[in-house]
Amino acid sequence: MATDGIIEVPGIILIILCLVRCAQYVMQSHSKQSRYFWLASVLVFFAVIRRELNYLPELFIPSDFSLLSHSYDWWEDSVLTVVYILIVGLLTYSWRYLWAVLKDVDVSIYVIVAVLAIIQYMGENAIIFPYAFGGIIEESAETAIYGIALIYLWKFNLTDFKSQTAKNLDLETATR
């Protein structure tokens, strides 16, 4: 955070709000497929928060930390690997629901997010943008992407989506 400063804080707040909204959808879901999809979404936002807060271990964990003869980095990598495997497994199990959600998103949102991701990469690696402004451009693009995700999650209506896709996904039998 010392390198990015205060510009990183809004993005972290948006990610936390996205995580909370996905957790609400986990609680409101009635089918296994939808519940597992939203649980995978919670884990994705958890992993993103961890990536964004990469400076925290340096502040709170001593550099010589060891537990069962393994360093903090080893433990962190192990836990994150388990989280990533859980995400893939949950999304694989709920692939029909995932596909229905992806098809429901307007194509313009995909285009805007792709452009912002390219701008974020260019800012991070000082491509076209001056190195002095690269960090600001990177964090601004990330914050915009997180804002789009939050707006989409906030406007997403779980009950309407369920009624639209229940016939196609056979969610009622997946509930059992």
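Name the single residue, out of those in region 41-81 being open to solvent by less than 90 Å² (accessible area, probe 1.4 Å) and polar (S, T, N, Q), that is modelled with the lowest pLDDT.
Ranking the candidates gives 66 first.
When you scan region 82-176 for helices (runs of 4 or more DSSP H) that lie fully inside it, which ones turn up with 3 or more residues that are open to solvent by 50 Å² or more (accessible area, probe 1.4 Å), more than 24 Å from residue 9 (Cα to Cα) and at pLDDT 90 or above? I'd like the intermediate steps shown before the answer.
Numbers: elements: 95-104, 107-124, 131-155, 158-169, 171-175.
Here the list reads 107-124.
The values are calculated or read from the model by the stated rules, or taken from the named source; none is laboratory data. Since the structure is predicted, the reported quantities are computational estimates derived from the model, not experimental observations. Remember, those area values only see protein heavy atoms, side chains included, never the ligands or the DNA or RNA. Shrake-Rupley method; radii C 1.70, N 1.55, O 1.52, S 1.80 Å.
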